[in-house]
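In what follows, a single structure is set out as structure tokens and then discussed.
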Amino acid sequence: MEFKHISVLFEESINALDIKDNGIYVDGTLGGGGHSFGILSKSAGCSLIGIDQDSEAVEAAKKRLAVFEDRVTVVNRNFREIKNILYFFGIDKIDGAVLDLGVSSYQLDNAERGFSYMRNAPLDMRMNIHSEKSAYNVVNTYSCDELTRIFYEYGEEKWSKRISEFICKRRAEREISTTFELVDIIKAAIPQKARMEGGHPAKRVFQAIRIEVNDELGILEQSVRDFISVLKSGGRLAIITFHSLEDRIVKKAFQDAAKGCICPKEFPVCTCGRAPEIKIISRKPVIPSEKEIEENSRSKSAKLRIAEKL
């Protein structure tokens, strides 16, 4: 299957970086190379490091970005390793970075990857196909209480307990190995009236399992701090999120980094000596236009937040 992905909030995120000639930029979620192509096209003098944990994405991006020759370096790693990656290449600071935290269209549309509740496939959902933990492991080995917690915390699913009970009952009879098997169990667990509300009944559970498999929230907060720390003064960080859990983490990380003194209000003078690291460029997140949503329905929940290093 050809690797295809439509970059969400493309123009907005590229413009947010304020690309400089001879600048060094990082695309931490390379995917099909859309944002990277935009960055490299913006200035003939800038260079870019593209990072992705999905080896299939890396190979596709290498082909797409080959036209830029030695201005681009592609790395098959997780963006959580940004500090080590820059150290390896002898780079101290960068001029900007973009993170698009969404699942790529290729991953969703390629049934074999098991991300979609609309396509029957083996339970997988690994962004890094070499990782040990998969959706199969989560669904078939986690305790009922663990599944309930994951579905509630990561999927905000109000039927979490009932769904996990149905899963545990089914797997006591036989293993659950495909996406459609799981979808059927979820549908059976959710009362008919509730199934008619809020989109596909399996959407929230599949999101929760994907987050657990890839430790998406666990790496995000520290990664945002790490990306801020490697920016040059005036460098910008643009992050696109796709659900409230991610957006909450990014928003709070930006707010914390933008704070100055954190001494108690009753202190007459500052003793913490803390200075703001960034200024927040987007007080409210940038969202897709109606035109973009019409052309790409998967962009509907996207939010872009932008920060600049002081």
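The values are calculated or read from the model by the stated rules, or taken from the named source; none is laboratory data. Keep in mind that what you see is a predicted model, and the values were worked out from it rather than measured. Note that each Cβ is placed from the backbone with ideal geometry, even for glycine, and that neighbours are counted across all protein chains shown. Note: accessible area is taken over every heavy atom of the protein model, side chains too, but ligands, DNA and RNA are not part of it. Shrake-Rupley method; radii C 1.70, N 1.55, O 1.52, S 1.80 Å.
Annotations for the structure displayed:
- Pair list, Cβ < 6 Å and 6+ apart or interchain, from the stretch 225-247 residues that are at negative phi and part of a strand (DSSP E or B) to residues that are hydroxyl-bearing (Ser, Thr, Tyr) and crowded, with 21+ Cβ neighbours inside 10 Å: 238/13
- Apart from one condition, residue 98 fits all of (1) more than 26 Å from residue 243 (Cα to Cα); (2) of a type outside the set (Ser, Thr, Tyr); (3) touching a Gly at 6+ places or on another chain (Cβ under 8 Å); the exception is (1).
- Of all the numbered requirements in (1) part of a loop (DSSP other than H, G, I, E, B); (2) open to solvent by 30 Å² or more (accessible area, probe 1.4 Å), residue 59 misses one, and that requirement is (1).
- Of all residues making up the stretch 240-280, the number that are surrounded by fewer than 17 Cβ atoms within 10 Å (Cβ to Cβ) and either among the acidic types (Asp, Glu) or farther than 29 Å from residue 214 by Cα (or both): 20
- Extreme residue, nearest to residue 235 (Cα to Cα), among residues of the stretch 293-308 that are open to solvent by 30 Å² or more (accessible area, probe 1.4 Å) and in contact with a Ser or Thr (Cβ under 8 Å, 6 or more places away or on another chain): 303
- Listed here are the helices (runs of 4 or more DSSP H) enclosed by the stretch 134-175 that have at least 3 residues being open to solvent by less than 50 Å² (accessible area, probe 1.4 Å) and closer than 14 Å to residue 212 by Cα: 135-141, 144-155.
- Considering residues of the stretch 23-53 that are over 25 Å from residue 229 (Cα atoms) and in a loop (DSSP other than H, G, I, E, B) only, the residue least open to solvent (accessible area, probe 1.4 Å): 32
- Hits in the stretch 203-222 - residues which are in contact with a Leu (Cβ under 8 Å, 6 or more places away or on another chain), open to solvent by less than 10 Å² (accessible area, probe 1.4 Å) and over 14 Å from residue 126 (Cβ atoms): 205, 220
- Count of residues meeting criterion [modelled with pLDDT of 95 or more and touching a Phe, Trp or Tyr at 6+ places or on another chain (Cβ under 9 Å)] in the stretch 212-225: 3
- Contacts under 7 angstrom Cβ, first residue in the stretch 70-83 being within 16 Å of residue 54 (Cα to Cα), partner charged (D, E, K, R), 6 or more apart: 74/62; 76/52; 82/226
- Residues being open to solvent by 20 Å² or more (accessible area, probe 1.4 Å), among the aromatic types (Phe, Trp, Tyr), part of a loop (DSSP other than H, G, I, E, B) and more than 30 Å from residue 183 (Cβ to Cβ) are entirely absent from the stretch 66-78.
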